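The values are calculated or read from the model by the stated rules, or taken from the named source; none is laboratory data. Since we're looking at a predicted model, the values are computed, not measured. We place every Cβ from the backbone using ideal geometry, glycine too, and count neighbours over all the protein chains shown. In case anyone asks, the SASA skips ligands and DNA or RNA and just uses the protein heavy atoms, side chains included. Shrake-Rupley method; radii C 1.70, N 1.55, O 1.52, S 1.80 Å.
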Amino acid sequence: MAAKIIDGRVFAAGILAEVTAEVSAIRAARGRVPGLAVVLVGEDPASQVYVRNKARTTKESGMESFEYRLDVGTSEAALLSLIAELNDDPRVDGILVQLPLPKHIDSARVLDAISPDKDVDGFHVLNAGRLATGLPGLVPCTPLGCLLMLKHELGDLSGLRAVVLGRSNIVGKPMAALLLAESCTVTIAHSRTRDLEAVCREADILVAAVGRPEMVRGSWVKPGATVIDVGINRVPGDAGKTKLVGDVAFAEAADVAGRITPVPGGVGPMTIACLLRNTLAAAKLAKIKA
Ligand code: GUN
């Protein structure tokens, strides 16, 4: 294996330690701590795990966690009314509605009902627009975590060729915007891209966010490139068990890449750390506006 493994757990622990220290300072200064509300509709098993981890880490950082677990049949109107309450609640600095939502609910309408100042996921159209136009705002947690790791590993990213594999609103598009803001030459590749392999092989920075287990092979990676694997896919493992793999065939890619994130233990922990970083940023903004 040639590549250096980028340890997202260690990096995330550093961010969480900084957040925890700031939360203590806010408690001392204001007599209250920042609060994060997490809303889950339905019982999707993966979402339940994510929400549990988010709530646990929120409490570990000293912040207040408000959890709302709603029945899968909850109406859009009821969800919008909960969001309106949370928007007005001064104890709540950040609001996260876990995706995907059940099909009868219009996700875009729900996300845009969250106050942009409490939109710690950065999914509100106003925050997406701010990111696209280079204005300050709340930035989606997973791409932010990827960017922090990249800057830590590589320093100045300007002029590097970046290929983002995947065009979702949650990862691909904001990731591309962040890399462009760092003056990378950015390509967004997706399922219709012709000669995907050759496009990926051009990349100094390759971010894979497609949700297809081990799709990116070693032969797709430029020697020495930095590979960030956003995928978290559960696949059959040994002895009837399941295991987690990324969107990158790790062992093959690690033979070619200069640096690579593992799954698990790469991007995943950074997403939660950035969520709490965003909640802290929103709490500071609330103080400024108060
Ligand atoms: N579902 C998968 N990833 C995310 C995320 O980053 N935020 C929310 N709210 N839902 C998700």
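Structural remarks
- Annotation: amide H of residue 41 within the under-5 Å range of 70, 98, sequence separation 5 or more or interchain, hydrogens built in the peptide plane.
- Global form of segment 140-290, assessed from the alpha-carbon gyration tensor, a/c cut-off 1.5: oblate
- Over the chain: helical MRE at 222 nm, DSSP H runs n ≥ 4 each giving -39500 (n - 2.57), nearest 500: -14000 deg cm²/dmol
- Residue of 149, 175, 270 that the Gaussian network model of the chain assigns the largest fluctuation, springs spanning Cα pairs under 10 Å: 149
- Members of 59/284; 54/287; 4/284; 103/173; 118/243; 4/59 lying beyond 26 Å, as alpha-carbon distances in this model show: 4/284; 118/243; 4/59
- When the Cα positions of 242, 50, 168 are compared along the charge dipole of the chain, 50 comes out farthest toward the positive end, with charges on each C-beta of Lys, Arg, Asp and Glu.
- Highest-MSF residue in the chain out of 253, 21, 209 [GNM, Cα springs under 10 Å]: 21
- Residues in the chain average 47 Å² of solvent-accessible surface per residue, probe 1.4 Å, ligands and nucleic acids excluded.
- Scanning the chain for long hydrophobic helices, with DSSP H runs required to stretch 15 angstrom or more by C-alpha along their axis and to average at least 0.0 on the Kyte-Doolittle scale, returns 8-30, 76-88, 141-154, 267-289.
- Each residue of segment 155-162 was assigned a 3J(HN,Hα) from its phi angle through the Karplus expression (A = 6.51, B = -1.76, C = 1.60, θ = phi - 60°), giving x, 5, 9, 5, x, 6, 8, 10 Hz with x at Gly and Pro.
- Potential lengthening between residue 132 and residue 198 on full extension [0.36 nm per residue; Cα-Cα distance subtracted]: 21.0 nm
- Gyration tensor (alpha-carbon) shape descriptor, segment 1-124, a/c threshold 1.5: oblate
- Within a Gaussian network of the chain (alpha carbon springs, distance under 10 Å), most fluctuating of 231, 14, 266: 14
- Extension gain, residue 212 back to residue 1 (0.36 nm per residue minus Cα-Cα distance, nm): 73.7 nm
- The chain, accessible surface, carbon-and-sulfur percent (1.4 angstrom probe): 54 percent
- If you sort the three axes of the alpha carbon gyration tensor as a ≥ b ≥ c, you get a/c of 1.5 or more for the chain and a/b above b/c, which makes it prolate.
- Mean separation of Cα pairs under 8 Å and 6 or more residues apart, divided by the residue count, gives segment 64-186 a relative contact order of 18 percent.
- Spin-label pair residue 158/residue 108, simplified geometry with 7 Å Cα→Cβ offset, distance in nm: 3.6 nm
- Estimated inter-spin distance, residue 252 and residue 33, nm [label 7 Å along Cα→Cβ]: 4.6 nm
- When you restrict to C-alpha pairs under 8 Å that are six or more residues apart and normalise by the size of the chain, the relative contact order lands at 22 percent.
- Our note on the geometry: Cα centres of segment 77-129 and segment 29-63, 15 Å apart.
- Residues whose placed amide H lies under 5 Å from that of residue 32, excluding near-sequence neighbours: none
- Distance between modelled label sites at residue 43 and residue 89, nm, 7 Å Cα→Cβ extension: 2.4 nm
- By the Kirkwood approach, averaging reciprocal distances over each pair of separate Cα atoms, segment 89-194 gets a hydrodynamic radius of 14.9 Å.
- The DSSP beta bridges internal to the chain are antiparallel in roughly 10% of cases.
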